[in-house]
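Notes follow the structure.
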Amino acid sequence: MRVLEVCVALDGGGIDRYLYNYCTHTVGVSYDFAVVDTGREGILEPPLRARGWAVYRVPRLRAGILRNARALCRIMRQGSYDAVHVHLGEKSLIALLCAKRCGIGVRIAHAHIADAPEGRAARVLRLLLRSLTRRAVTVLSACGERAGAFVWGERAMARGEVTLCRNALEMEAYAYSDERRAAARAALGIDATAMVVGHVGRLCAQKNQLRLLEIFVEVLRRRSDAHLLLVGEGELREQIEQRAEALGIAERVILTGVREDVGALLCAMDVMMFPSTHEGLPFALLEAQCSGLPVVCSDAVTREVALSDGVRFLPLVASDAEWAAVSCEHAMWARCPADAQLRRAGYDVEREAAQLVELYRTE
């Protein structure tokens, strides 16, 4: 069986890691990937290519719908694919139409995001695209209930028209150990007794790292030994660096960029702070719980993600001081890995990957 995965990038973000985890744990499936042409190679591309899978680059939609469609059709025709899996939510329409035109029987549109802020015009466009997408798709899927309802509609969820594909992960990669913690802190130059506030995610407005810097100023008033560890890359990196300098906290902020050893970095943290403005079902918070890391996240994050007692939700409108106080309190909690809860809830990739293969066969 041959499957084409269509996504934005393969650079270690939540959707990218979801794809990598599933694709590397399925049996009897050969994958290729179509990603947006950003001019640089994603961190996950080499290991995927090493398996004999191709990574194709296509023009952005804003560069021209016809250019994007022609590139996708060319890839689909030469690949003889049995299924196409598109990870662009309601923006999957062009790729799905190309797949339909190329005679690909299984066409899956996957929703990974929920409650994105939007004006009236954006909402009307999203609802129009939702309606059109349903005519080109054979399977609607989502990472969780909230993402499914936002992208595909409450009625579709109630009628069972949306298949949930959990953001499953390889549990062993995120297992906590004192040895991993000590090694990671030593590599980062962080003292063994210091407090580490962590965040894993793309450096972008949605993830709200600029607000996180403001909160961290309050953390430092309570714990002068604290460090802020930001794992990820994105368009806001320069602004984050400049703001950290302006706040006088640059020496306490560590930006690692995209990393392959996220599990080890989670071991180095004492608490994860996640003040996102909107989310689907964030992969990073599942990883954190698997590692037993306490989490403080915004109430814009779906409560589906709380599979353990280690997750605390705070309103985005709460003060920086309140966010800091709760985070400092949670940093003192003993780690309680929630791998058993994650497995029971369907987040073990060893089991879930087999179900995805069956989805690729549903024609």
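The values are calculated or read from the model by the stated rules, or taken from the named source; none is laboratory data. All values derive from a computational prediction rather than experimental measurement. In this analysis, Cβ positions are derived from the backbone assuming ideal geometry, glycine residues included, and neighbour counts consider all displayed protein chains.
A few points about this structure:
- Note on region 160-187: residues that are within 24 Å of the chain's Cα centre (by Cα) and surrounded by 14 or more Cβ atoms within 10 Å (Cβ to Cβ) total 18.
- The single condition from (1) crowded, with 22+ Cβ neighbours inside 10 Å; (2) outside the structural domain of His25 (by TED's automatic domain parsing) that Leu236 fails is (1).
- Among the residues of region 11-32, those that are polar (S, T, N, Q) and outside any loop (DSSP other than H, G, I, E, B) comprise Asn21, Ser30.
- Total residues in region 315-341, condition touching a strand residue (DSSP E or B) at 6+ places or on another chain (Cβ under 7 Å) and farther than 16 Å from Arg222 by Cβ: 1
- Residue count for region 66-121, restricted to those that are in contact (Cβ under 8 Å) with a residue 24 or more places away in the chain, more than 14 Å from Ala147 (Cβ to Cβ), not hydroxyl-bearing (Ser, Thr, Tyr) and not in a helix (DSSP H, G or I): 12.
- Helices (runs of 4 or more DSSP H) fully within region 138-243 that include at least 1 residues being over 26 Å from Cys267 (Cα atoms) and not polar (S, T, N, Q): 145-152, 154-158.
- Consider region 242-269 and keep the residues that are touching a residue at least 24 places away in the same chain (Cβ under 8 Å) and among the charged types (D, E, K, R). The one that is nearest to Val219 (Cα to Cα) is Arg252.
- Selection from region 91-138 of residues that are surrounded by fewer than 17 Cβ atoms within 10 Å (Cβ to Cβ) and among the polar types (S, T, N, Q): Ser131
- Just one residue in the set Ala99, Ala184, Ala136 is in the same structural domain as Cys73 (by TED's automatic domain parsing), among the small types (Gly, Ala, Ser), at pLDDT 95 or above and over 21 Å from Ala345 (Cα atoms); that residue is Ala99.
- The set of residues in region 213-249 that are within 15 Å of Leu203 (Cβ to Cβ) and of a type in the set (A, V, I, L, M) comprises Leu213, Leu228, Leu229, Leu230, Val231, Leu236, Ile240, Ala244.
- Residue match in region 77-89 (condition: under 23 Å from Gly257 (Cβ atoms) and either surrounded by 20 or more Cβ atoms within 10 Å (Cβ to Cβ) or touching an Asp or Glu at 6+ places or on another chain (Cβ under 8 Å) (or both)): yes
- Leu19 vs. criteria surrounded by 18 or more Cβ atoms within 10 Å (Cβ to Cβ) and either within 18 Å of Pro59 (Cβ to Cβ) or basic (Lys, Arg) (or both): no
- Residue check, Glu154 charged (D, E, K, R) and within 30 Å of Val262 (Cα to Cα): no
- For Gly201, the criteria (1) touching a strand residue (DSSP E or B) at 6+ places or on another chain (Cβ under 9 Å); (2) modelled with pLDDT of 95 or more hold in every case but one, which is (2).
- Thr193 falls short of the stated requirement of being modelled with pLDDT of 95 or more, hydroxyl-bearing (Ser, Thr, Tyr) and in contact with a strand residue (DSSP E or B) (Cβ under 7 Å, 6 or more places away or on another chain).
- Unique match (being assigned to a loop (DSSP other than H, G, I, E, B), of a type in the set (A, V, I, L, M, F, W, C) and under 19 Å from the mean Cα position of the chain (by Cα)) among Val8, Val35: Val8
- Ala142 vs. criteria of a type in the set (A, V, I, L, M) and within 21 Å of the chain's Cα centre (by Cα): yes
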